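> Submitted below is the structure of interest, expressed as structure tokens.
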Amino acid sequence: MSVIITLTNQKGGVGKTTTTATLITGLSLQEYKVLGIDLDPQGNLGFSLGLDIENTETIYDVFRGTAKIEDVIQTTEYGDIIPSNILLSGAELEFNRSGREYLLKEALQSVMDKYDYIIIDTPPALNILTVNAYVCSDHLIVPMVPEILSLLGVSQLKETTQTVKKFYNSKLNVLGLLLTKYNSRTNLANEVADLADEIAKQLNTSVFKARIRSGVAVAEAPAHGTCILLYSPRSKPTHDYIDFVEEVLIRCKAAKKKHPAK
Ligand SMILES: Nc1ncnc2c1ncn2[C@@H]1O[C@H](COP(=O)(O)OP(=O)(O)OP(=O)(O)O)[C@@H](O)[C@H]1O
Ligand SMILES: [Mg+2]
């Protein structure tokens, strides 16, 4: 059975897509079988990994029932990817039948045994797409930028997580909070650490030891249709992301030991 991890934060531009692409690539490089899913109508995940997201079937077609999940999976050097595009933005209005929270969970049933990890990128919102990701996930990872660290918004995220846990998916766990775009010169280390710890505590989790430093290569990599790990293997963010991938593996294994039945 796959371990399913969703990257989430309703704030925009905090590194969800970058972290999703890096986690997919990092796990694939370690020979794990990985499926990446873009649930964001912006389509950034597929685009940044060099896929043509316009002239192709996407997760939207699976939700509509006009394509099978196997038919929308694209094979890349980074792992298998299911892209998305702007058509998915109609999901909130279009998929309004009961049980619409389970569209992704249902769709994944036939591929669950094929992958070790399924990594899901979500939009900067808490909407039906985000809920679909939460409903089928084992773990959530919450990336945050130190400059906009705030307790505001955390209560909303916490509420959504608790609602999903209560009604749809009791095993849902917040694996950790990840600091991104970290700059040791401008971010006052102690202040940031304390606030991040407090936010993590509210979400019943802890902050990943790895902090992803800022680096221009991170923003350049998607323009070349590739991931930072391959685009700039010696850069600081690459080092940090390698540590992060290791921590994710350790935390997933620890969670499995604690709750083997899940
Ligand atoms: N460590 C970093 N250093 C420098 N730039 C970064 C870093 N992480 C992300 N960025 C840049 O910040 C921007 C936003 O990152 P990203 O798209 O991953 O965020 P997001 O949370 O997915 O955004 P959205 O909410 O719009 O989906 C991108 O241009 C990305 O290249
Ligand atoms: Mg994104």
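> Give me the percent relative contact order of the chain, please, defined on Cα pairs under 8 angstrom at least 6 residues apart.
Relative contact order, the chain: 24 percent.
> Ok, one more. So, R0 is 25 Å and r is the distance between the beta-carbons of residue 223 and residue 92; what FRET efficiency does that work out to, to 0.05?
It comes out at approximately 0.25.
> Accessible area of residue 168, 1.4 Å probe, to the nearest 10 Å²?
Counting only protein heavy atoms, the figure is 70 Å².
> May I pose another question? Could you work out how far apart the two model spin labels at residue 54 and residue 250 are, taking each label as a point 7 Å from the Cα in the direction of the beta carbon, and quote it in nm?
A separation of 4.5 nm, rounded to one decimal place.
> Which cross-chain or sequence-distant (5 or more) residues have an amide H under 5 Å from the amide H of residue 4, H modelled 1.01 Å from N in plane?
Amide H neighbours of residue 4, under 5 Å, 5+ apart: 118, 138, 139.
> Ranked highest first by the average count of other Cβ atoms within 10 Å around their residues, in what order do 76-85, 98-107 fall?
The peptides rank, most packed first, as 76-85, 98-107.
> Starting from the Cα of residue 11, draw a straight line to each of the aspartates and glutamates and keep only those under 19 Å, dropping any in the same chain fewer than 8 residues away.
Straight-distance partners of residue 11: 38, 40, 92, 121, 147, 159, 197, 198.
> Work out, step by step, the length gained on full extension between residue 151 and residue 1: first 0.36 nm times the residue separation, then minus their alpha carbon distance; give nm to one decimal.
50.5 nm
> Efficiency by 1/(1 + (r/R0)^6): what FRET value for residue 163 and residue 239, r their Cβ-Cβ distance, R0 = 30 Å, to the nearest 0.05?
My answer for the efficiency is 0.20.
> Which aspartates and glutamates does residue 253 reach when only Cα atoms under 17 Å apart count, and residues fewer than 8 places away in its own chain are ignored?
31, 116, 138, 243
> Could you pull out which residues in segment 43-69 have an amide N less than 14 Å from a spot 7 Å beyond the Cα of residue 33, following the Cα-Cβ vector?
Nothing falls inside the zone, counting backbone N under 14 Å.
> Okay, moving on. Relative contact order of segment 101-161, please, whole-number percent, based on alpha carbon pairs below 8 angstrom and at least 6 residues apart.
Relative CO of segment 101-161 lands at 40 percent.
> Starting from the Cα-Cα distance between residue 185 and residue 204, subtract it from 0.36 nm times their residue separation and give me the gain in nm to one decimal.
3.9 nm is the gain from fully extending residue 185 to residue 204.
> Over 18 Å between Cα atoms: which of 114/166; 33/181; 68/165; 158/201 fall into that group?
Long pairs (Cα-Cα over 18 Å): 114/166; 33/181; 68/165.
> Grab the other residues whose beta carbon is less than 12 angstrom from that of residue 154, score K and R as +1, D and E as -1, and report the net.
Net local charge, residue 154 excluded: +1.
> What is the gain in length, in nm to one decimal, between residue 259 and residue 128 on full extension, counting 0.36 nm per residue of separation less the C-alpha to C-alpha distance?
Net length gain for the segment: 44.4 nm.
> Which far-off residues, 5 or more places away or on another chain, put their amide H under 5 Å from the one on residue 179, with H placed in the peptide plane?
Those qualifying (amide H under 5 Å, at least 5 residues apart or on another chain) are 144, 208, 212.
> Along the charge dipole of segment 87-198, which of 110, 151, 177 sits closest to the positive end, that is, farthest toward it, with unit charges on the beta carbon of Lys, Arg, Asp and Glu (+1, +1, -1, -1)?
My answer, from the dipole projection, is 110.
> How large, in percent, is the carbon and sulfur part of the accessible surface of segment 3-258 at a probe radius of 1.4 Å?
Heavy-atom surface of segment 3-258 belonging to carbon and sulfur, 1.4 Å probe: 51 percent.
The values are calculated or read from the model by the stated rules, or taken from the named source; none is laboratory data. In this text the structure is predicted, and so the values were computed from the model without any measurement. All Cβ positions, glycine included, derive from the backbone under ideal geometry; neighbour counts span all protein chains shown. Each accessible area value is taken on the protein alone, full model and side chains, heavy atoms only, with ligands, DNA and RNA left out. Shrake-Rupley method; radii C 1.70, N 1.55, O 1.52, S 1.80 Å.
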